[in-house]
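Trainee: Handing you this structure, nothing more for now.
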Amino acid sequence: MNTVKTLAQFIEQQANTTTDFILLLNDIALSCKQIARTVNRGAMAGILGSAETENIQGETQKELDIITNDIMVDALNWTGRLSGMASEEVDDPIAIPAEYPKGKYLALFDPLDGSSNIDINLTVGTIFSILEGRDGQDATLEDYLQKGTEQVCAGFVLYGPSTMMILTTGQGVNGFTLDEDIGEFVLTHQDMTIPEDTAEFSINMSNQRFWQEPVQRYIDECLQGVDGTRDKNFNMRWVASMVAEVYRVLTRGGIFMYPFDTRDPSRPGKLRLMYEANPMAFIVEQAGGVCSTGVERMMEVTPTDIHQRVPVILGSKNEVDRVVSYHQD
């Protein structure tokens with residue numbers, strides 16, 4: 001008879017984990033189960049479509065962006081394990097209400113990544129990062145502005161054909177699938193690793209005319225296939241959901257890029273450093289891959305704002321290293 005290992009059991013067996021940390025991950029897992037159910041019932045509950053509001057990045061919010069953000073905040077703010085939170089959907093850091101105790105951790109999250117896909121029933125997800133804050137005190141803005149190397153934990157959850165959590169605490173990457181029968185995430189993908197080589201790339205080709213020369217050069221080589229200098233054919237994929245793109249890279253290799261483009265020099269990238277790029281970089285590196293802005297290791301970027309944008313190039317080591325070398329040239 002096969003025995004299952006739940007997320008809580010797995011985390012308890014890892015080194016250097018505290019009770020508060022284990023309970024915080026359980027809180028996050030519970031909120032993601034609620035989000036999974038909410039996303040699954042979207043059309044039946046009448047909560048699809050636009051909320052006719054914008055977040056701080058000027059992006060139109062979906063009804064589910066707001067609902068899933070509220071689920072995360074309500075699940076975490078009262079537990080006594082956080083000194084503050086930050087969300088893609090909220091302009092400023094989220095303070096813990098005065099009536100609740102404060103803990104030592106900070107939670108940063110994108111509650112519904114890929115929400116533009118929700119109305120067409122494609123994969124969406126939640127991305128989260130955990131940092132250490134001021135134990136027992138309210139967090140300040142400066143407390144959040146830590147480099148990615150300071151992360152205690154990072155993960156993302158996919159709401160697809162099955163609900164999965166991908167997680168790292170700095171001891172490799174593991175995947176957990178939500179078992180609906182017992183209501184728990186159970187270990188199904190142990191020690192996930194990214195192959196160093198790949199023949200698959202993921203990028204939004206509609207933006208090609210705005211890319212810098214190093215990315216243009218790399219993509220041109222991929223498109224030329226066996227007739228070009230790379231002497232092999234590449235496949236292209238694009239889902240417009242970072243969680244889906246990174247999960248594919250984790251399971252079969254590949255390179256995912258949302259590079260710098262020239263349309264607006266004040267916005268050096270599309271994706272947000274603190275609650276998208278950094279947690280994904282932590283996961284990718286722990287799985288043997290590489291994540292870079294093109295000119296700098298992602299997790300060594302110095303944050304200046306909780307909503308800071310960065311270019312992202314991540315995935316199989318040899319391909320990311322090639323794109324980085326083109327930037328150096």
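Rule-based calculations on the coordinates, nothing more; no lab input. Bear in mind that the values here come from a model prediction, so they are computed numbers and not experimental data. Here the Cβ is made from the backbone with ideal geometry for all residues, glycine too, and neighbour counts use every protein chain on show.
Trainee: Mind checking the range 229-324 for chymotrypsin sites (Phe, Trp or Tyr not before Pro) that DSSP puts in a loop (not H, G, I, E or B) and that have at most 14 other Cβ atoms within 10 Å?
Mentor: Passing both the DSSP loop test and the Cβ count: Trp238.
Trainee: Two decimals is fine: what is log10 I(q)/I(0) at q = 0.08, 0.12, 0.13 Å⁻¹ for the chain, from a Debye sum with one equal scatterer on every Cα and no solvent?
Mentor: -0.35, -0.82, -0.96
Trainee: Which is the longest part of the chain that has none of the trypsin sites (Lys or Arg not before Pro) sitting in a DSSP loop with at most 12 other Cβ atoms within 10 Å?
Mentor: Longest run free of exposed loop sites: 42-231.
Trainee: Here's something else I'd like to know. With +1 on each Lys and Arg Cβ and -1 on each Asp and Glu Cβ, and nothing else charged, work out how big the dipole of the chain is about its Cα centre, in Debye to the nearest 20.
Mentor: My answer is approximately 540 debye.
Trainee: Sticking with this structure for a sec: Under a point-charge model restricted to the Cβ atoms of Lys and Arg (+1) and Asp and Glu (-1), what is the dipole moment magnitude of the range 200-328 relative to its Cα centre, in debye to the nearest 20? Mind dumping the intermediate values first?
Mentor: Working: 15 positive and 16 negative charges, 48 e Å.
Approximately 220 debye in magnitude.
Trainee: To continue, here is another question. Lys/Arg Cβ at +1, Asp/Glu Cβ at -1, dipole of the range 200-328 taken about the Cα centre: which of Tyr247, Leu314, Phe282 is farthest positive-ward?
Mentor: Value computed over the given set: Tyr247.
Trainee: OK, next. If you fit an axis through the alpha-carbon atoms of helix 317-328 and take the longest principal axis of the Cα set of the chain, what angle between them do you get, 0 to 90°, nearest 10?
Mentor: For 317-328 against the chain, the angle is about 70 degrees.
Trainee: By how many degrees, 0 to 90 and rounded to 10, does the Cα axis of helix 242-252 deviate from the longest principal axis of the chain?
Mentor: In the chain, helix 242-252 runs at an angle near 70 degrees to the longest axis.
Trainee: Something else about it: Net charge near Arg252: determine it from the other residues with C-beta under 11 Å of the C-beta of Arg252, scoring Lys and Arg +1 and Asp and Glu -1.
Mentor: Net charge around Arg252: +1.
Trainee: What do you get for the angle between helix 63-76 and the principal long axis of the chain? Use alpha-carbon atoms, 0 to 90 degrees, nearest ten.
Mentor: Tilt of helix 63-76: around 50 degrees.
Trainee: Continuing with the same structure: Scanning the chain for GluC sites (Glu not before Pro) in DSSP loops with at most 12 other Cβ atoms within 10 Å, what's the longest stretch left with none?
Mentor: Result, exposed sites excluded: 181-329.
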